[in-house]
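**Student:** The following block contains the structure, expressed as structure tokens.
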Amino acid sequence: MINECLAPDAISLGDKIIEMLVDNGMVLDDLSRETGVSNESLVPFFMGEEEVTQDFADQLAKVFSTSADFWLELDRKYHTLSKDYNKKMNF
């Protein structure tokens, strides 16, 4: 996705996680510790290079008191909108 443009209304998983980290007074190291996922392993999710798995969605749901479906749907919508937008824009 690095060479692709993003749909204007596509919200990436990384953007939402950063927003929620800030809202909860947390940093990336806190998320890594809470989920058991290293900072390096989080990067592909943040960059939209890797789709969210059920397991990771479950972990995010625990940390942020949301549903796993929230994260799965956010990520699905992001990838769908980005793909459709890039196709439309001939990227």
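The values are calculated or read from the model by the stated rules, or taken from the named source; none is laboratory data. Keep in mind that what you see is a predicted model, and the values were worked out from it rather than measured. Cβ sites come from the backbone with ideal geometry, for glycine too, and all protein chains shown count toward neighbours.
**Student:** Go through (1) surrounded by 15 or more Cβ atoms within 10 Å (Cβ to Cβ); (2) of a type in the set (Val, Ile, Thr); (3) over 25 Å from Thr80 (Cβ atoms) and name the single condition Ile11 misses.
**Tutor:** Here Ile11 clears every test but (3).
**Student:** For the range 19-32, give me the residue count where each residue is farther than 17 Å from Glu73 by Cα and surrounded by 14 or more Cβ atoms within 10 Å (Cβ to Cβ).
**Tutor:** Of the residues in that region, 5 qualify.
**Student:** Under 8 Å by Cβ, and 6 or more places apart or on different chains, what pairs join a residue from the range 8-20 that is under 18 Å from Lys62 (Cβ atoms) with one that is modelled with pLDDT of 90 or more and among the aromatic types (Phe, Trp, Tyr)?
**Tutor:** Every condition considered, the pairs that remain are Leu13/Trp71; Met20/Phe64.
**Student:** Please go through the range 54-91 and give me each residue that is exposed (fewer than 14 other Cβ atoms within 10 Å of the Cβ) and at pLDDT 90 or above, ordered by number.
**Tutor:** Of everything in the range 54-91, those that are exposed (fewer than 14 other Cβ atoms within 10 Å of the Cβ) and at pLDDT 90 or above turn out to be Gln54, Asp55, Lys62, Ser65, Ser67, Asp69, Glu73, Arg76.
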